[in-house]
1. Looking for something away from the ligand (no atom under 16 Å from the Cβ) and in contact with a strand residue (DSSP E or B) (Cβ under 8 Å, 6 or more places away or on another chain) - is there at least one such residue anywhere in the stretch 156-169?
2. Of all residues in the stretch 136-157, count the ones that are surrounded by fewer than 22 Cβ atoms within 10 Å (Cβ to Cβ) and more than 19 Å from TYR168 (Cβ to Cβ).
3. I'd like to verify a number: residues in the stretch 170-193 that are out of contact with any strand residue (DSSP E or B) (no Cβ under 6 Å at 6 or more places or on another chain), open to solvent by 10 Å² or more (accessible area, probe 1.4 Å) and more than 19 Å from VAL231 (Cα to Cα), how many?
4. Based on what the data block shows, is GLY372 in the same structural domain as PRO265 (by TED's automatic domain parsing) and either open to solvent by 60 Å² or more (accessible area, probe 1.4 Å) or assigned to a loop (DSSP other than H, G, I, E, B) (or both)?
5. For the stretch 287-298, does any single residue satisfy the condition of being touching a Leu at 6+ places or on another chain (Cβ under 7 Å) and farther than 25 Å from ARG104 by Cα?
6. Being in a loop (DSSP other than H, G, I, E, B) and either near the ligand (Cβ under 9 Å from one of its atoms) or closer than 14 Å to GLN10 by Cβ (or both) is the filter here, so list the residues in the stretch 205-220 that pass it.
7. For the stretch 72-164, give me every one of the strands (runs of 3 or more DSSP E) that falls completely inside it and has 3 or more residues that are out of contact with any Leu (no Cβ under 8 Å at 6 or more places or on another chain).
8. Which ranges mark the helices (runs of 4 or more DSSP H) fully within the stretch 240-351 that have 2 or more residues being within 13 Å of the ligand (Cβ to nearest atom) and in contact (Cβ under 8 Å) with a residue 40 or more places away in the chain?
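The values are calculated or read from the model by the stated rules, or taken from the named source; none is laboratory data. All values reported here derive from a predicted model rather than from experimental measurement. Here Cβ is always computed from backbone atoms with ideal geometry, including for glycine, and neighbour counts include all displayed protein chains. Heavy atoms of the whole protein, side chains included, go into the accessibility calculation; ligands, DNA and RNA do not. Shrake-Rupley method; radii C 1.70, N 1.55, O 1.52, S 1.80 Å.
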Amino acid sequence: MDTVALHRLQNYAGGVWRDSQSEKVKEIYDPGRGVVIGSVPFSLEEEVDEAVEAAAVAFEGWRNKPLSERIRYLFRMRRMFEDHFEEFARVNTLNHGKTLEESRGDITRALENVDMAIAAAQTLGKGENLDQISDGIDEFTSKEPLGVFAIVSPFNFPVMIPFWFLPYAIVLGNTVVVKPSEITPLPMEYVAKMIDREVGLPAGVFNLIHGGREVVEYLIRNKDVVGVTFVGSTQAAHNVYRLAGEHGKRVIAQGGAKNCIVVMPDADLDRYMPSIVSSFFGNAGQRCLAGSNLVLVGDREGRTKRKFITSVSSLRLGHGLDPDTDMGPLVSLEAKKRVKSLIALGIEEGADLILDGREASVEKYPDGFFLGPTVFESVSKDMSISKTEIFGPVASIMEFNTLDEALDMVNNGSDYGNMACIFTSNGGVAREFRRRANAGNIGINIGVAAPAAYFPFAGRKKSFYGVLHAQADTIDFFTDRKVVISRW
Ligand code: NAD
């Protein structure tokens, strides 16, 4: 499967795999080798309609299935993830480029969300009841599914992110149309093939459609789509939020990020440096929870900076499927070019480039989209590299004297509010940071503050548009409360 036969990806609508008739296609890559491994169609409007219609037709029958039966399908999905765990991880790495270990993490998170959806359907899916609110009158609420939801995902977690939503939507009685990223559509298609074969959901409950921005916009406009979940860049998230509002649709829209990792002088560097480094360079920096600005407080003798550079310099670049690889390639040649242009911008702005990954290569894979770990120092708040999402293996070191200054950087340095982390041995400082940092996900001696499935995946400012978040919050997103007042 590491050399998946070159094929054109298919849509899945109404329980049938279908070839798109679209002439517009995009090649998909193994970014580690820099070779084409298939192509993805930009589906036609009638093909999107077909998928939505299949989901709409399936809705009545599906919502009327007893909850216990819907849950049984999720147990089968769970088993599917366990049985094909390693295969899923390999396909994920093949199309994305991240290391196998990182892909295993993605698949584990997807599975955790299936678990959470099973638990939540029976617990959080319940309504409330108040007896005798007036003489002979009782009142209760029940949570009802709403219909067809569109689930749109970004390239960087091809399986995990659709599963922040999919299992909750369907176990609660909705039907879905999933639109994967056109850059990394292969892993989700692979999982969908297994869902088709092994989970046996009734036709139309789960559908998959390929394409780009046009397909997303067309899905939102479709009258049968009641809501959309979106994860991607801020520009696209804002577009989805606006369009969903215009068409009266429910929406969760998660956007980009620019995360600060604050290191206090009392941080236990021996213990935490691996976690700090992995925050910046895990997934080659292509994580919405990646560290981007390393904010050092009172690092007078340069102790933290030196340790950071030493650790970063030892990272081994390579193909994600090679067991010795610490950091894989960027996802595409375009991504590599974009990050390189931001590095050039940093130099132009006057930041000091102390580790330059631009010429890095991997002997065995000369055509891979590799970019080595890159570190700037003397980065200041007014430089655009400290505010712009880079989404690549680039760290900007910024130095301050006090926690107040560091918090000012965290809160006012950029428009984003996805994550903020602090490394310290002082509980009081950690508490102060937790309370004052204006970001949705906070890490304390944690470099990637990724919430477990039982918690919402938070995010603020331009990192998030909406009210309810991914994962646990979606129970309320995918249901509507009906209030019943009764007298007999
Ligand atoms: P992207 O915005 O380019 O694409 C994401 C999805 O949106 C794709 O399916 C794409 O087809 C579609 N799309 C693209 N432009 C669109 C538009 N204008 N309107 C509607 N849909 C559009 O993002 P990407 O490059 O695939 O992913 C990287 C981005 O995602 C980064 O900014 C990263 O921070 C963000 N991200 C955020 C989170 C989070 O939880 N906040 C998680 C992962 C990634």
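1. yes
2. 6
3. Looking only at that region, the number is 2.
4. So GLY372 passes the test.
5. Checked against the condition, which is being touching a Leu at 6+ places or on another chain (Cβ under 7 Å) and farther than 25 Å from ARG104 by Cα, the stretch 287-298 yields at least one hit.
6. Matches in the stretch 205-220: ILE209, HIS210, GLY211, GLY212.
7. Answer list for the stretch 72-164: 129-134, 137-145.
8. Because the criterion is at least 2 residues that are within 13 Å of the ligand (Cβ to nearest atom) and in contact (Cβ under 8 Å) with a residue 40 or more places away in the chain, the helices (runs of 4 or more DSSP H) in the stretch 240-351 that meet it are 333-349.
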